[in-house]
Amino acid sequence: METPKRLSMYLEQGDGCCNCHEYSIEGGPFEQDSITVTQDVWCTACGAEWTNVFKLVSIKNFKIEDTENEAGED
Ligand SMILES: [Zn+2]
């Protein structure tokens with residue numbers, strides 16, 4: 001059973017089981033819905049299972065290709 005403290009630690013550390021803290025996590029496919037991604041995961045050590053929920057927090061490496069429209073810039 002997850003407790004608020006364990007959940008908080010899990011969210012800060014991002015890995016290991018949120019129940020037993022073993023690094024025995026396996027996961028299913030990522031499923032994207034708009035800006036949220038979820039992944040069902042489970043711990044092979046203690047049998048706990050839950051769904052990780054990821055949310056877009058930022059972007060980086062933004063690029064835009066030059067197009068044939070170069071008239072506006074000299
Ligand atoms: Zn576990």
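Numbers below:
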{"item": "Pair list, Cβ under 7 Å, 6 or more apart: region 38-52 residue closer than 12 Å to residue 10 by Cβ and within 9 Å of the ligand (Cβ to nearest atom), other residue outside any strand (DSSP E or B) and of a type in the set (S, T, N, Q)", "result": "43/19; 43/24; 48/19"}
{"item": "Filtered residues of region 1-10 (kept if exposed (fewer than 11 other Cβ atoms within 10 Å of the Cβ) and within 16 Å of the ligand (Cβ to nearest atom))", "result": "1, 3, 5"}
{"item": "Flag for residue 65 being exposed (fewer than 13 other Cβ atoms within 10 Å of the Cβ) and away from the ligand (no atom under 16 Å from the Cβ)", "result": "yes"}
{"item": "Filter result (surrounded by 13 or more Cβ atoms within 10 Å (Cβ to Cβ) and of a type in the set (S, T, N, Q)) within region 38-62", "result": "38, 39, 52"}
{"item": "Close pairs from region 11-37: first exposed (fewer than 10 other Cβ atoms within 10 Å of the Cβ) and in a loop (DSSP other than H, G, I, E, B), partner at pLDDT 90 or above and of a type in the set (Lys, Arg), Cβ under 6 Å, at least 6 apart", "result": "none"}
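The values are calculated or read from the model by the stated rules, or taken from the named source; none is laboratory data. Being a predicted model, the structure only gives us computed values, none of them experimental. Don't worry about glycine lacking a Cβ; one is built from the backbone with ideal geometry, like all the others, and counts go over all protein chains shown.
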